[in-house]
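S.K.: Quick one: the structure is below, questions incoming.
We did not get these values from a lab; they are worked out from the coordinates using the rules stated. None of the values given here were measured: they were computed from a predicted structure. Cβ: placed from backbone, ideal geometry, glycine included. Neighbour counts: every protein chain shown.
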């Protein structure tokens, strides 16, 4: 499983708004734990292109602060669930996700 978390590289925190994200922190999950993580720069500021990139990288879920309904609808069309309302450390958030609390 791959999970993409919106990422603010300068603060090392979850980026608040999906539509303005410049980076994602991608986590690969195997057997219920993180096997690998990497920083992925978005290829464009266009929301549809960013979601297409996530699909190309076979992302299974997105975690972010906020997202507009239109963007969430595109993610839904791609079969990528989105978990919103998150803030703070991406690593801590993934730990919470893996514990089943998100």
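S.K.: Once both labels are modelled 7 Å past Cα along the beta-carbon direction, what's the residue 16-residue 76 spacing in nm?
M.R.: Each label point is offset 7 Å from its Cα along the Cβ direction, giving 2.6 nm.
S.K.: Can you tell me the relative contact order of the stretch 18-64? Whole percent, Cα pairs under 8 Å, sequence separation 6 or more. Working shown, then result.
M.R.: Details: 43 pairs, mean separation 14.8, N = 47.
The normalised contact order for the stretch 18-64 reaches 31 percent.
S.K.: Compute the distance in nm between two label points, each set 7 Å from the Cα along the Cα-to-Cβ direction, one at residue 2 and one at residue 55.
M.R.: With each label placed 7 Å out from Cα toward Cβ, I get 1.4 nm.
S.K.: Relative contact order for the chain: what is it in percent, counting Cα pairs under 8 Å that are at least 6 residues apart?
M.R.: Details: 189 pairs, mean separation 30.5, N = 102.
It rounds to 30 percent for the chain.
S.K.: Only bridges whose two residues both fall in the stretch 2-98 count here: according to DSSP, what percent of them are antiparallel, nearest 5?
M.R.: On the way: 16 of 22 bridges.
Here the share of antiparallel DSSP bridges comes out near 75 percent.
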